[in-house]
Amino acid sequence: MKDIGRPSARQLLIAAAVLVLLTGGATVPGLFSFDNITQMLRQISVTGIIALGVTFVVIAGRLDLTVGSLLSLCAVVAITLHDEISPVAAVTVPIIIGLVVGCINGFLVAILRLNSLIATLGMLSVLQAVALVWTSGQNALIDRPEATWFAVIGRGYLLDVPIPVLIFLLLAALTAILLGMTRFGREVFSVGGNEIASRFSSIAARQVLFTCYMISGTLTGMAAIVFSSRVMAAQNNSGSGLELQVLSAVILGGTSLAGGDGGIGRTIIGVVLLGFIQNALLLIGLPYYVQWLVSWVVIIGVVWADVASRRGRVLA
Amino acid sequence: MSIAPQPLQSQPEATQGAIISLEGVGRTFPGVIALSDVTFDVLPGEVHALCGENGAGKSTLMRVMAGSFPQDSGTISYRGETVTFASPMDAKRRGILLIHQEISLVPELSVAENIFLGDFPKLRGGRLDTKKLYRDAEHVLEDCGYDLDAHAIVGDLSLARQQMVEIARATAFNCSVVIFDEPTGALTNQEAEALFVTIDRLKKRGVGIVYISHKMKEVLTLADRVTVLRDGKVTGTLSGEKITEREITRLMIGRSLDSYFHRARRRIGEEVLRLEGFGVGGSAKTVDLSIRAGEIVGLYGLVGAGRSELMEAVFGLRKITSGKLSWCGQLREISSPKDAVRLGIGFVPEDRKEQGLVLGLGARDNTSMASLRRLVRFGFMDTIKEQSIFEKYRERLEIKVSTAKTRVGTLSGGNQQKIVLAKWMATAPKLLILDEPTRGIDVNAKAEVHALIGELAESGLAVILISSEMPEIIGLSHRIVTIYQGEVTGDLAAEHVTEDMLVERVMNPPERFADLLIG
């Protein structure tokens, strides 16, 4: 902790977020009540699960903006398949779709070497269109939500803890192990830090990147199942804008947009902080779209902090 | 070379009338004294050569002169008055231009646009005066004696022609001092001679020239005065008849070549690698090469001769267009670095920061990067083993890092290079390819790296050494293979090689040496 004397920009930012949070706790009644925290955690678990996957992509030095409309697509698929085929299809097909989309993204970015911002932005629109085609523009819903075990995933509790939160924690543990303790995890960091040097060190950089997108897509598919089971209905634009929420949570936690630096623990911190802030805004009674303002302010602030701390370090 | 040396009239009071003169200049970087008490000046119409080994302080000195960073001590005077350059632009405005090894032009723009970049002729209302731009550019090119089309796009030109554009720019801005940093590094013989003609023209116009080169012949031919740097200090300035190769070398290394390098004992084993009719990329040329265990083979050629490309192909980073590669007597195909590492090839690349290291990661993570496969146990990273391997090399190579997690971007060049070496030693290779292993590292680290290369060879490793530094390649190698434009022009036993022999073989077409090839 040699940085204590002169806090880094990131530490300042986290401190600011915590300060906002404490102020919120003092002024907003019920923010830190058990019920509210449980509710809040249940809400962030969907963003959280997606953020786990996106963390891999960001550490590898790329972006994945498809997650928003991928969630929309997977959610409408889960809901329609539930009644049309079976609940089993509703919990498997979305994961497969996520995996396939992850592979397409991986192909575009890792194999065709397209710029990840443009490639995944394009895929974002493509998937949104596919979701619209799938639903013919209609919203989907499950007829008898009370009569299916599918509802347990999003609405159930285990020992007073919401099931979505448990799923999030389980996936967080798995991804933390994958990123922090395996060879693949190590390779993600080196590819993100310097792709050329990684190739010169016999790391298969393209495979690593490809895998990161697969992870991100698959986890988004899983998040969509949790989401649709909680809501028991899905609009074809349910996930619209989610990609930015996720990205702001990931970088708020301190994973660098420049790649090569980050972690699952940081992402969890980012997701929880952002969740609390947005929850506080809601409790105060500010309209939903203020959340967007906050997300964007956070993104810009964090990107600045990232760049500023990098400058300080590299030129030191 | 067609330029006859033009000895300057003897000038005992050198500082009198100097365009720029540095007095007692010193510059320290964290942990390194790059320059100390350097006195150097440039007279109008002279070529003042600057010699010294890599890391001797040449580049620091010229950067101080060109305003890239200020000196810590001492003074710089420009035409007799003391000045401080705030920036390279500031120095440029005074007429001091640095021509780098790397060309700094805008490849998408035309020759004329590049010449007048930053100072375009304008019509009233701010519109670009295209007619005047090209007219002036043609005038400048004619003035330099260059047969260049002012409308040509710079990116389409050869390196030599791009350099001409840079020089034309110098002329257009009425430079008073032009600093050339290894200008012939990427040029052919004819191109180099054209450059010498230009230098002569600049001289006649009263421009002072600082000429930095490793090539003794060029220095001997061009220089009116020679200043030699060693470890950041001036060890002597020679002029007139005192300029001899012997004297310059003595000042550069301060001792004879033999004692400076300790060549590894020759304990040659089985053949490790053999290339037959091996061709890379666009050039139709092919290479035959063989190296055995315990042998250090130097690969010498000009920049752009294809040395690095050849080795990158061996390492699976480039596609092979023809020929065969045998490894330990068996035909093999290496299509990726993964294949190469699996066979036992290590590759220390030329560009440490871009290709060798992940600067944002820690020392230990960088050390294990190439051997992750060996460090996995039950699917997980074996961090205990990883740490102990790191500690082993940290001790053996005397890598100075505070912790295993210290980001390598914060380390000195020498320690960075040691980490790259440790990374490859950790893979237990049979063949180690070293591309410019001592570039940009300080004298001590350099000596350590040299000693290490010898030790590795004595322990049975085959080493291919690519280096632009002739003393290094001659001093360390058992055998030296010279390359000219992708073709092997010589395979020489290093004991009897002189710098001249190498220069000849890398500057001239191979036909002349066909009869000299060993096989």
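Within the set of other residues whose C-beta is less than 12 Å from the C-beta of B:Ile199, count the net charge using Lys and Arg as +1 and Asp and Glu as -1.
Charge balance in the 12 Å sphere: -1.
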Give a residue-ordered list of calculated ³J(HN,Hα) values for the stretch A:58-67 (Karplus: 6.51 cos²θ - 1.76 cosθ + 1.60, θ = phi - 60°; whole Hz; x for Gly, Pro).
5, 5, 6, x, 10, 10, 10, 9, 6, 4
Relative to the longest principal Cα axis of chain B, at what angle does helix B:189-204 sit, 0 to 90 degrees, rounded to 10?
30
Positive-pole candidate from B:Gly298, B:Val348, B:Val358, dipole of chain B, charges at beta carbon:
B:Val358
Qualifying lysines (Cα of each under 19 Å from Cα of B:Lys233; at least 8 residues distant if same chain)
B:Lys58, B:Lys446
Would you tally the net charge around A:Ile50, using a Cβ to Cβ cut-off of less than 14 Å, leaving A:Ile50 out, and scoring K and R as +1, D and E as -1?
-2
Viscosity 1.567 mPa s, temperature 4 °C: Stokes-Einstein D of the stretch A:42-267 from its Kirkwood Cα radius, in µm² per second?
75
Starting from the amide H of B:Asp41, placed 1.01 Å from N in the peptide plane, find each other amide H under 5 Å away whose residue is 5 or more places distant or on another chain.
B:Leu22
The protein assembly as shown: radius of gyration over Cα atoms, expressed as a fraction of 2.2 N^0.38 Å
1.13
Amide proton proximity set for B:Phe29, modelled H, under 5 Å, gap of 5+:
B:Ala34
Whole-Hz couplings from phi, Karplus 6.51/-1.76/1.60, listed for the stretch A:245-258; x for Gly and Pro
4, 5, 4, 5, 5, 4, 7, 4, x, x, 7, 7, 5, 6
Helical mean residue ellipticity (222 nm; -39500 (n - 2.57) per DSSP H run of 4+; nearest 500) of chain A
-25000 deg cm²/dmol
Spelling it out for B:Thr489: with amide H atoms placed in the peptide plane at 1.01 Å from N, the residues 5 or more places away or on another chain with amide H under 5 Å from its amide H are B:Thr482, B:Ile483, B:Tyr484
Let me know the charge dipole size of the stretch A:42-267 about its Cα centre in debye, to the nearest 20, where only the beta-carbon of Lys, Arg (+1) and Asp, Glu (-1) is charged.
460
Can you tell me, using C-alpha contacts under 8 Å and at least 6 residues apart, the relative contact order of the stretch A:42-267 as a whole percent?
45
Would you mind checking the tilt of helix B:413-425 against the longest principal axis of the Cα atoms of chain B, expressed as 0 to 90 degrees and rounded to 10?
30
Quick one: of B:Lys215/B:Lys285; B:Lys385/B:Lys418; B:Lys204/B:Lys242; B:Lys285/B:Lys324, which pairs are farther than 18 Å apart, Cα to Cα?
B:Lys215/B:Lys285; B:Lys385/B:Lys418; B:Lys204/B:Lys242
Tabulate in residue order the Karplus-calculated ³J(HN,Hα) for the stretch B:483-490, using 6.51 cos²θ - 1.76 cosθ + 1.60 with θ = phi - 60°, rounded to whole Hz; enter x for Gly and Pro.
10, 10, 6, x, 10, 6, 10, x
Net charge over other residues, Cβ less than 14 angstrom from the Cβ of B:Arg377 (K, R count +1; D, E count -1):
+3
Going toward the positive end of the dipole of the protein assembly as shown, with +1 on Lys and Arg Cβ and -1 on Asp and Glu Cβ, which of B:Ile115, B:Val449, B:Leu275 do you reach last?
B:Val449
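Only the coordinates and a few stated rules stand behind these numbers; no lab work does. Because the structure is predicted, anything quoted here is derived from the model rather than measured. Methodologically, a virtual Cβ is constructed for each residue, glycine included, from the backbone with ideal geometry; neighbour enumeration extends over all protein chains shown.
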